[in-house]
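Chemist: Would you mind keeping the following structure in view while I ask a few things?
None of the figures in this text is laboratory data; all of them are computed from the coordinates on show. Keep in mind the model is a prediction, meaning the values are calculated, not measured. Here the Cβ is made from the backbone with ideal geometry for all residues, glycine too, and neighbour counts use every protein chain on show.
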Amino acid sequence: MNDTSMTLAVLLYGLLAGGAAILGGTFVVLRREWPARVQEYLLALSAGFLLSLVFIELVPEALHTVGPSAPLYMLAGYAVLHFFEHTIVGHLHFGEETHSEVMVSQVASYSTFLGLCIHAFFDGFTIAVGIQFNYLVGLLIFIAVTLHKIPEGLTIASVMLAAKHNRRMALIASVVVGVATFLGAAGALMLGGISETLVGTAFAFSAGIATYVGASDLIPEINHSKNRIIPLLVFVGMMLFYAGKVALETFAGVGH
Ligand SMILES: [Zn+2]
Ligand SMILES: [Zn+2]
């Protein structure tokens, strides 16, 4: 894959993933019936897909590329998201905001918004680093991440509404989360221009990011679900990952 087509792929995937978040926000703002169940299905599939991706592709590849220092970057990736989503931000969880009591202060909604923007930035970043590292891996990351982007847009729009912002603000918030996703992808593209080592390091870091999104953002939401089918769908996500990987290697001729 040459540089131009790689750049275009990164920008396109960044745009699609960001667009999915905006779509989720639009559902909420237009008060379209977006059944809670569908949202939980997507979160569960995304979690299973992401976690298999982490264990089967990202961790081994990061160790292979960066060597013994890879685990430290993985931990750093995990730590950075934990810091921005759940240390400096008081209240952030995926899915519709049902705790309007904690959203009475608009400050709380802005802090959740900030946390989600940083999360979204790293979603885009992870996709782009993956594509630069290996197109197949990048494509799988794109699928894994995009599965939870509609619920993500829905999350931020419903947070804004719960905090009594108007619908226009709720839509703007989901657009900003979409733009942050795209900027993350575009930003990671710049690393590629600097050095290959940097891409390898960023790749290890992304493994930590993806672990956080899968295991600490998505899984807890699924475990709260009253619908017992949802936890089972995590396994379906894991199998989907495997099937997707084999299909891409076999039919699209992309591989290592
Ligand atoms: Zn809440
Ligand atoms: Zn996300």
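Chemist: Can you give the local net charge around GLU96? Use residues other than it whose beta-carbon is closer than 11 angstrom to its beta-carbon, Lys and Arg +1, Asp and Glu -1.
Modeler: So the surrounding residues net to -3.
Chemist: Right, here's the next one. Once fully extended, how much extra length lies between HIS99 and ALA36, figured as 0.36 nm per residue of separation less the alpha-carbon to alpha-carbon distance?
Modeler: Going from the current span to full extension adds 21.1 nm.
Chemist: On C-alpha positions alone, give me the angle between the axis of helix 3-29 and the longest principal axis of the chain, in degrees, nearest 10.
Modeler: Rounded to the nearest ten degrees, it is 20.
Chemist: Another question, if that's okay. Based on the Cβ-Cβ distance of ILE194 and THR87, what FRET efficiency does E = 1/(1 + (r/R0)^6) give at R0 = 25 Å, to the nearest 0.05?
Modeler: 0.30
Chemist: Can you give me the C-alpha center-to-center distance between the stretch 1-57 and the stretch 137-156, rounded to a whole angstrom?
Modeler: Result: 2 Å between the Cα centres.
Chemist: For the stretch 1-145, with only Lys/Arg (+1) and Asp/Glu (-1) charged at the beta-carbon, what is the dipole magnitude about the Cα centre, in debye rounded to 20?
Modeler: Rounded to the nearest 20 debye, it is 140 debye.
Chemist: Rg and Dmax of the stretch 87-152 over Cα atoms: what are they, in angstrom?
Modeler: So, for the stretch 87-152, Rg and Dmax equal 14.8, 45 Å respectively.
Chemist: Students often forget the sequence filter, so: which lysines lie under 24 Å Cα-Cα from LYS164 once same-chain residues fewer than 8 apart are removed?
Modeler: Cα-Cα hits under 24 Å: LYS149.
Chemist: Which value in deg cm²/dmol, rounded to the nearest 500, describes the helix-derived mean residue ellipticity at 222 nm for the chain, given -39,500 (n - 2.57) per DSSP H run of n ≥ 4 and division by the residue count?
Modeler: -25500 deg cm²/dmol
Chemist: Can you tell which of HIS119, GLY138, ALA47 lies farthest toward the positive end of the dipole of the stretch 32-176, using +1 and -1 charges on the Cβ of basic and acidic side chains (Lys, Arg; Asp, Glu)?
Modeler: Farthest towards the positive pole: HIS119.
Chemist: While we're here: Dipole of the chain, Cα-centred, from +1 at each Lys and Arg C-beta and -1 at each Asp and Glu C-beta, to the nearest 20 debye?
Modeler: 620 debye
Chemist: How large is the Kirkwood hydrodynamic radius of the chain, counting all unique pairs of alpha carbons, in Å?
Modeler: Final number for the Kirkwood radius of the chain is 18.0 Å.
Chemist: Follow-up. Once you have the Cα-Cα distance between ASN227 and VAL80, take 0.36 nm times their residue separation minus that, and quote the gain in nm to one decimal.
Modeler: 49.8 nm
Chemist: For a Förster distance of 45 Å, can you work out the FRET efficiency between the beta-carbons of THR4 and PHE55, rounded to the nearest 0.05?
Modeler: Efficiency, from the Cβ-Cβ distance: 0.85.
Chemist: Given the options ALA128, VAL89, VAL199, identify the residue whose Cα lies farthest towards the positive end of the charge dipole of the chain (+1 on Cβ of Lys, Arg; -1 on Cβ of Asp, Glu).
Modeler: VAL89
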